[in-house]
Every structure is written in C-alpha cells, then in structure tokens.
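The values are calculated or read from the model by the stated rules, or taken from the named source; none is laboratory data. The structure displayed is predicted, hence computed values, not measured ones. Glycine gets a Cβ as well: all are built from the backbone with ideal geometry, and neighbour counts include every protein chain shown. Calculation scope for accessible area: heavy atoms of the full protein, side chains included, ligands and nucleic acids excluded. Shrake-Rupley method; radii C 1.70, N 1.55, O 1.52, S 1.80 Å.
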Amino acid sequence: MLASESTAPDALEAPVATKTTTEVATPPESGNDQAEDSGNVEEGDADTDADADAEAAAVETEEREELQQFINELRDKIESKRQLRLQNSTFELPGEEHFAKLDSNLKKNTAFVKKLKLFTATQLEALLRELSALNLSKYISEICAALAEAKLKMTDVPAVVTLASRLHCTYADFDVQFLEAWQKALNIKASEKIANPSKLRVDLRLFAELVSSGVIQMKPGLAQLGVVLVHLIAQDKDDHSNFSIILSFCRHCGEEYAGLVPQKMQQLASKFGVEVPKSDFLTADKQLNLRTMLKGYFKALCKHVLAEQTELMNMTKNIRRTMECKGEISTEKREKCELMQAGFDKLLASAQSLSELLGEPLPELAKESECCNPGTVIDNMLDSAAFGVLDPWGDEETRSFYTDLPDLRQFLPNFSAPKVDLETLEEPSELTEEAIEANLDAEMDLDDPPSTTSDTALETASEEQPSTPATPAEDVKPQKMGSALMELGRQQQQQSQQNQNQSQTQTQTQMRQQFDGFLVNLFNCVNKELIDSAAIEFLLNFNTKHQRKKLTRTIFSVQRTRLDILPYLSRFVAIVHLCNTDVAADLAELLRKEFKWHIRKKNQLNIESKLKIVRFIGELVKFGLFKKFDALGCLKMLLRDFQHHQIEMACAFVEVSGVYLYNCRDARLLMNVFLDQMLRLKTATAMDSRHSAQIESVYYLVKPPESSKREPTIRPPMHEYIRHLIFEKLCKQNVEQCIKMLRRIDWQDPETNCYAIKCLSKAYLLRFPLVRCLADLVSGLSSYQPRAVTIVIDNVFEDIRAGLEIHSPRMAQRRIAMAKYLGEMYNYKLVESTHILNTLYSIISLGVSMDQSVVSPLDPPDSLFRLKLACMLLDTCGPYFTSQATRKKLDYFLVFFQHYYWFKKTHPVFSKSENTSDLFPILVDHTYRDCLAGVRPKLKLFKSLEQAKAAIDQLQEKLYPQLKATSAQDPSLASISEISELDEGATDEDSGSSNDQRERQVAGQEPEQSNDWTENEAEPPLPPPPPLEKSKEDLEFEHLYEKMTTDSYQERLKEPIKATAKDIPVPMMARLQKKSYEQITGGQASGSGNANAPQISKAVANHDAAPGSPGSEPPDGNGKPRGGGGGGCGAAVASAATAAVPFVLMVRGNKGGKQQFKSFVAPSDSQLAINLKLQEQKIREEKEKVKRLTLNITERIEEEDYQESLLPPQQRNFTQSYYQKPNKHKFKHQKGAPDADLIFH
C-alpha cells in the first residue's frame, strides 16, 4: 500500500521498504536457513548494483540532453546575431520617392513616439506596421530618446533590437543619433551612486545587444560599453551594490564580449567530447581584457563575502549569548539578523553564479553560516549547552506510561498506518516569548465562541436516530379481482421492505447502545491496562467518523471533579491517534478554545472547570498531542493578568507539565523565563498567602533547590519525645498538657535533664508566635524543677550575650527570638526587672563606639540590628513595668536609648550633608517610634542628637552631682550601670522581707563606710566642689517650695494623731472553725502551752512582692503559692506550737465583697513564723518594761506618802501633788444666776 502511494523518485526504494516491513512483521524464527539467507543477501546485492547502474545511466542521459540543449541554444543565438549584423551592415536606404508615399501626419507621428516610450514586446508587430506607413524622418531624435529612456524589461530587449534594426535600415542618421541618446542615458559618474540599478541593468544589456547586432557602430559602442563597466566596477569596491548589474551582463552578454561559458557546461563538453561553439563578434585578445577585469572584480567580491560572513557569525554569537541569559531574542535583533542573513544568502548565491561563469573557485568559508532563525539558534545553542542528561519523566514507570504505547499491529489485522513518534511533533520555528505573544495577540483578536459541549451531556438519542420513512399499508378496497391481487402483492413487497428496515434500525440502535455503554465505562478505567484495553476495543468495534466525533465530545465534557482520570483519557487519545489523528486534533482545538474563552471572560466562577482545562492541556502536552508552542502560549496568557483564578490555573499547569517542559531542550529556556517571571510577580504583587505558597511549591517542584544531602541524626527515643513535646506539640491550647508530660520524664537522669534544658533554651527553633507558649511552659515547670529553670534562664542570658559579642547577620533571627523569649520570661515572673534593664543597657553599650572615627566590629555604623533587638525586648515586656520605681528606671533607660538611636541616625553612613538626603531606613524608624509609643504613649521624643546629649547631662547631674565636677569627659553609657543600684522604694519584684533585708544590708554597710572614713582621716580630704550659682528661677522655686513645705507641716500638726492599730482581732467565725484531726492531735501533743489566748498580729502584704520572696505569696496547705489578690492584707494567729504555726489569712473580696478567711499552717523555721515570733517577743518585752516602770512609780509614791504621814502637821507640805488634778478656774455665771455651790454645799 505504501509503495503504491509513493512518487516516482521513491520507486527505486520501494523494494527495500517492503522488505523492511516484512521483517518487522515476521521476524526470523531461527538460524537454520543460513544458506538460504546468504542467497537472499547475494540476490539483494545484485539488485542494488543493477539499480545503481540504471541510475547512473539515467543521470548520464540527462546530462547529455542538458549539454545538447545548451549547445543548440548557443548556436542558434550566435547564428541569429551573425545574420542580424550582416543585415544591418549590408542594407540599402530607400529613396525620397519612398518617403513621399508615406504618411507625415503630425498627430500620428507624435502618437508613434509616445508609444515607444511605453514600449512592450507585445506591441512589436503593431509598431512595425505603423513604421512602414509613417514618414518619421523629422522625428528620429525623438524616437532615439524615447527608446533610450523607456522603462523596459529583460523580455522586451529582443523586440527593441528588432525595432531598432528596422529603423537603422530605413533612416540614414538613426545610428548616430541613437548612439548620442545612449551616451546621455549611460552617462555614469564615478562619485555618484546609481539612482535606478534595475533600469541600468536592462539598459546595459540592451546597449550591448545593439552593438553586437550592428545597430550601433562597433568602435564607439565598445568604447562607451567599456567606460560604463569600468565606472561600475570602480564604484563597487566596498559595498558591491552594483553586483547584480555586472552579473546580469555576464549572464546575457558574457559569451560574446568575454567568451564566458558556464563551468558545468565546459566540464560536460570535455566529458562527452563535444565542442562548444564560440562567437566571432570579438577577437580573443579583446575578450581576454574584459575577462581579466571581471576576475579582479570577483576577487574583491570574495573578500566582501568573507567579511559579511564574519559579521553574521558575530551577530549569531551575540544571539546565542542573549538566549543563554534571557531565553529569548528581541524583535529588533531578530529583524536585523534576518535582514543580514537574507543579504548574505543573496550575495553568496550571486557570487556562486559569477564563479560558475568565470570558472574561478569560491574561497572556503571559515564555517558554514548558521541560519539566523531564532528557533535554529536555540537548537544549535542547546545542542552545545552543558545541560547534561535531561530526563523529563523522573522515573521509569512514568516514562513507560507516557511513551510505551501498545503496538496495534498485534491487535488490528488491517493496520497499515505508520507508528507515530509522539516526541517529534512539528513545532513552530520561532519558540520565543515574543513569537508566543504575537501568536496570542492574533488569536485573542478572534472571537471564539465557548464550546457547547463543555457543560452539556452527550447528545440525545433522537439526534442520532436515522429517519425511517413511514410507509403505512394502504387500505384500498379492491373493486375488481385483478386490482385486489396486485394490491396484495404490493402489500407483501412493502411488508418485506419494512421488516428489512426495522432489522437495520434495530441493529443501529443496538450498536448505539453498546457505544453508549462503552463511553460510560470509559470513565471507570483508572489504570494503564484498562485504558489500553478500552482503546483497542474502540479501534476494533467503534472506529467510525461519527463515533470518533462523539468520543471527542464525551472526553472533552468529562466531569470537572474527575481530575484523576485525565492522564488515562490522554493515554486513550494517544493510542487512538496512532490510527486516526482527528480525535487528538479536535480535542486539542476544543481545549484551546475553551481556555481562551475562560481567559477572555475574566470572571471568578467555575474554578474547577478552569483547572480541568489546564490540567488536560498539560497531560496532552506530555503525550505530544498538544504543541509545546501552544502550551507555553497558554502559560504566557495566564501570566499577562496574574491574579485570582489565573494564579491557580498557572500553578496547576506548571504542576502537571512544568517538569516535562523544563527538561525538554527546545522549551527549557523559555520555561525557565516563565518560572522566574512567576516568582517575580509573587514578590512584587500583594497576593494571598495561599497563592504565594502555591507559586513557591510549583516553582521548587520544577526547579528544586540544590542542597547537599545531610544524614539524619539518630536520637534516643526519650530525646525524640522531648523534641516532639516542645517543638511539635506545644501550642496555646495544650501548654498544661505539655507541662504534665514533661514532669513525668526522669529529671534525675543527667542526660535527659541536660537535653530537656537544651531544648527549653532554644526558643529560636519554634515558630515566633509560640515563644510565649514556651515561656509559659517554663513558668509552669519552675515550681517543680527550679534548678533546671534557673539553668534555662542562664542559657538565655548567655545566648543574648554571645549574640552581642559575635556580630553575624546569620544569627539575626535567632537573636530576635531569644530577646522575645527573655521578655516573655519577665512577663511570667521568671526574671526581675533589674536583669531586663541590664540586658537593655548591654544591647546599646556593649562593644558600641560613640566615636564616629572608630569603627566597632561588634556594632558597625551601618548595622541597625541592635535597635531592632532593643525594640523587640521593649515591646515584649516594657508595658509591664508598672511600679513607680521600675517606671522611673525605664524612663532613665529611654533617655540613653534615644541617644543611641540619634547617634545611629546622624552617622555619615545614613546622611549626606551636600544634599541633606536621609538614607536612614524608614522601616527601622517606624519600628522605633511604634516601640516608644507602646511603652510611653505620652513621652516627648528628642528631635536631635544634641537634645539627647543634653538630657543625659541633666540626668547625670541630677543623680550624680559630684560626677560632673570630678570628671570633664563626655557622657557615656558606662556610668549608667550604677543607676540600677539605686533603691528608691519597693519594686514589683521585691517583697517586704526582701526590702527589709536590702535596707539592713545598706545599713550594715554604713558603719563600715564610716569606719573607713575615720581610718583615713589622716589623708588630706578632697576640696569641696565650688558652689554652683543658682539662677533666679531656681531661687524662686526654692522659696516657693519651702513655703509649701512649711504650710503643709503646720496643717499636719493640727490633725489629730491616730494610733495605728497593729493588732486585728480574729473574727468569731474564724475562731469557731472546726479543727482538723491533725490540729487536734497537734494541740494535745503540745500540752498546756496553748492555754494562753492567741495573740493577733497584723502582716501587711505588699502587692508588689516578687514571686519568690517570703510573705508575698504565702503557700497553701500543699505548698503551692497562692495569689494574695489585689491589695489584700493578711492576719496571722500564732500559737505556742513548736512544729508548726497556724495562720489565718484575711482576703478582701472583690468590689466590696465580704472578707474571706483561709487557715494554713506554716513551718516554725519559715521566715514568716520567725518574724512573727520576733515581733511578739519585742511587744512582750516592751509591755514588761512599762509594767515595771508603772509598779516602781506606785511604790515610790506610797513610800513618800507614808513618810509624810509620820511628820507633824506643821511640817507637812500641802502643795499640790504632781499627780493631783490641777484646779480649774471657777466658772463665772451670768448675773442673777443661782450659785450651785451655795445650794448643794
């Protein structure tokens, strides 16, 4: 079948093709028939030799015929020219009587001259008839000028020569005037370029033909022709723009003037021994002169060809380099290269023609010139690119699914179509982004309607049913017997036809039902074997044109949620494509139109249908059924408006076919450009995080990052469990559960203990929002594993310190996380405010150089990370500095922090004095301002570095007035560390007992300091600082302040002094509480020591107490700390028990509620019990002392009275006793009032 359809040139190859097909269909079974096989080989060799001999004979015959035809044409041309020259040289001019008979009408003669200006070969006969009837003696000059200036074609030259010969034989002065006209027309200046090269090309040939024909005299004609050729060659030394004129002259007139015969004809003539005829117009010497001049021109032309080739190769290299960098070629470069390539091809072809005529060889080109077609450039470049082995499939199973299709010769008996290589489909020559955009613009201009089968079901059965003609039986009553019999026969015939039609209809209906069932079951083929079987079944039973169209519509309208079946349907279409290509072509066209319709619609609906379309296109691309050019065009169309659904469509397309296209040589560079464009659009566009994640996922799916494989660390199960709890399971909802789980591990095991501490110290391994949860976890463990928590806190401080000492941008994220962790630890009362402030001061002072000429390696001038670190720590825990003392200390720090900020901002790195442009990052500036606004909303920020320095000077003068007098150096941050030593009151971390202890430590240091001072009295004391001059405002302020103080003191004196009740009686309800069994047994064991009434003592709880300080949060019965409530006070009842001391805690209710009383027992060695005992002992001693003094005074008074009674009455002192009440002045009543003393006494 293939041999019969082949053309004639392929007829010789038909036996070989037939033999190959036979061998493929029926391979040899064994090697037993070696003799027969060798005989077949010899017979085949003989046939091949015979074919070669026949082909050589045919070629020789063709060459002989070609040579003979050339010789005949050349002989006829030479003979016709000889006859024409002879005619033009031996003629007789007509006499005056001949011209008197001709028509001399002005109008006709003028019309004849006008016709010559528009001369064509078809007008020759008409013009000759007019010439024989007109007397043109007075119009010879006009005729010569008209013929010389006429715009002729190459085909008009023989007709013009014939007409000119007729005029030359008729009019005597025609040749002279005709030569003058040609001299004007061929007047070429060496300094001017040819204005109309095409006309000059025809005119030069025509003039040469006129000279060789004898119309123009030979000597002046040859001289004029030589001048023209010399000028043309002289002008054409550089650009060779006149090359076409000279080549045309050599082709048409070279044999007569230079003896030029094509080299091929000379070789054939020498081969067959045939002599080529030569013209006798010019001698060999004259021909040699022109031939020498033409060979010199040819050498210059060869140099020009080599220069053009070099320039073209350089441009090709630039294009290759551009393709390597960008993956595409700009339109300007492509057009320029295409023009240069076309010019070079034309120049090379003309040079080859001239080389053939002159018999001179062309110089060898350095390298065969590459076609400047961008597609060819890409192919040539990719072939030489070091891509290595590109595998578009990844594994053997995927490769087998997409490339190993079943061989239909084993299943179809009449299969004759060639097996299609699906990888080598015809692609467009220009596989560039600009070519794709041009194609998209052309396609988008076409208004394609949406597919009618995308959302519809299969066509109804009524559309497929063939229309059967209704032939009801006619009920005609026979009137005669003959007509009745004829009617009966007709009815029987119609009945048989109707039965036959019904059987055909039933067969068609049955086939249609079977095909409908096949289409339904097609969507259940979800593996390779089932889909292959379905494809073979379709080709065997249902392979008709109508059913193929229905199959295409059914596959196209697959349910939009069945994305899993798209690869199998694509394989089905690929198998059918081996026999019938219309299914794949129609399906691809439907998908392309549907895709374009969705893009043009620009709505945010039917996302599942859109994803189905692009995924289907991707699967067909991998089977080679959808062109890569069109597929990349679809991706480019999605990138034009990269938002909303088009992001998901592009990601779905890249997910399905991105790896395949990226690993194909012809699409790799362009796919790489599109992937990078997707990533840039993601960065430059504010899009949803879900879309950003999809883009990154498909990008790294196609281009996975190169990373060295690390061997996984094998850890013990307990270590993996600890990592699971801290780094995976920990979240806001299950902190308590993680605390319980971590409490159950073996903390006594040193290895487990160290690893748990190590994990708890690495907050930078957690997600940033979970750092607070980790601090909560450590706070929960502090009650059970205080030593481990202490080590964790030390590790955090050490990590922050190491980050300050090692300036590395790689540790930035880690340092931010650890600063956040430290702030959260303060919020959960694991560290004190002093430690936070020390850390803050370390951040802005450790390794910081305040001299701009000295660059610190730990804090370079262009590094602003410490500002971010301090802002992070302040944002985390700054709002929780609520007490007066801590707020004051934080205010001190903010002064130095602003100074550090302005020192950084005013550094020359971030400011330029010449144009005053601020280069300070605006993001850091906003972070700084937001941080201070969150910590101190009403704080007035400094506006310059000078204001910050002045504020530091004022602060140091206020806190350390002697520092300014003794030292004149610039303010530095080293002295501020002493501020943290100041104790101006209770802080939120210090309880009452800790404050007392700190006060005792300070008081204990005073005597030592005073002793040191007395020991050093011999040394000369330092001179007192000179008193500072006070301004008028300061004096006025001091005067007003003293006045206000005096007034306030006088007012306080008038107020009655109320004694502070130190003892609070225990309420009856608290006394009558039932005692526990342990208290009863304890009371019995203590003996009669409890007989005394309980002493009630008051312990005022400090609401700013620290978590670990005694008395701030008294432990309950289980030993756990309890919160004392906001501003509550505690009352304790002490007993004489030696083992434990019972207390009653009085808590004030919320919003004026009832007081609550909670009993608990404190150990006798606790600080609370010891302080209570000391206080009771002091009160007891004071009461005994007062009692003794009172008793002593009474005894002394009694003794004095007794001694006085023994004296005689004259010696007694009747003066008023000290202890007697003073006599009051008698009240004087008003006049007339009764005297009570006189009445009652």
Could you list, in their original order, any pairs among K549/K612; K153/K219; K193/K278; K820/K905; K151/K303 whose Cα atoms are separated by more than 31 Å?
-> K193/K278; K151/K303
Contact order relative to length for region 90-143, counting C-alpha pairs under 8 Å separated by 6 or more residues, stands in percent at 54 percent
Pair L1040, W393: separation of 7 Å Cα→Cβ label points (nm) = 9.5 nm
Highest mean packing first, using Cβ neighbours within 10 angstrom, the peptides 607-616, 217-226 sort as 607-616, 217-226
Ranked by how many other beta carbons lie within 10 Å on average, peptides 691-704, 196-209 from highest | 196-209, 691-704
On full extension of the chain, what length is gained from L639 through L1053, given 0.36 nm per residue of separation minus the C-alpha to C-alpha distance?
-> 140.4 nm
Residues whose placed amide H lies under 5 Å from that of L1145, excluding near-sequence neighbours | K1158, S1159, F1160
Quick one: go through region 756-773 and flag any residue whose amide nitrogen is under 20 Å from the point 7 Å out along the Cα-to-Cβ line of Q733.
-> 767-773
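Leaving out ligands, DNA and RNA, and with a 1.4 Å probe, what % of the accessible surface on region 867-957 is carbon or sulfur?
Carbon with sulfur: 55 percent of the solvent-accessible area.
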Solvent-accessible surface ranking, highest first, for I194, I555 at 1.4 angstrom | I194, I555
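For a Förster distance of 22 Å, can you work out the FRET efficiency between the beta-carbons of D930 and H907, rounded to the nearest 0.05? Can you show the working numbers first?
On the way: r = 22 Å, r/R0 = 1.00.
So the FRET efficiency works out to roughly 0.50.
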Rolling a 1.4 angstrom probe over the protein heavy atoms, how many square angstrom per residue are accessible across region 723-802?
-> 53 Å²
Which FRET efficiency, nearest 0.05, do D688 and V230 yield, Cβ-Cβ r, R0 51 Å?
-> 0.05
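At a Förster distance of 30 Å, what's the computed FRET efficiency of S191 paired with S244, Cβ-Cβ distance as r, to 0.05?
Taking R0 as 30 Å, the efficiency between S191 and S244 is 0.90.
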If packing is taken as the mean number of other Cβ atoms within 10 Å per residue, what is the order of 875-881, 66-72, highest first?
-> 875-881, 66-72
Largest first, how would S783, S165, S191 line up by accessible area (1.4 Å probe)?
-> S191, S783, S165
What's the center-to-center distance, using Cα atoms, between region 259-330 and region 714-750 in Å?
-> 87 Å
Once label points are set 7 Å from the Cα along Cα→Cβ at both E62 and S697, what is their separation, rounded to one decimal in nm?
-> 6.3 nm
Roughly speaking, what is the stretch gain from N527 to R787, that is 0.36 nm per residue apart minus the C-alpha to C-alpha distance, in nm to one decimal?
-> 87.4 nm
In nm, spacing of pseudo-spin labels at K199 and D173 (7 Å Cα→C-beta vector) | 2.6 nm
Per the rule of 0.36 nm per residue minus the C-alpha distance, extending V855 to D516 adds in nm 113.6 nm
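Taking a 30 Å limit on the Cα-Cα distance, which of the listed pairs K333/K593; K77/K107; K545/K627 fall beyond it? Provide the component values of the computation, followed by the final result.
Values: K333/K593 33 Å; K77/K107 39 Å; K545/K627 24 Å.
Result: K333/K593; K77/K107 exceed 30 Å.
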Express the carbon and sulfur contribution to the solvent-accessible surface of region 207-348 as a percent, rounded to the nearest whole number, probe 1.4 angstrom.
-> 54 percent
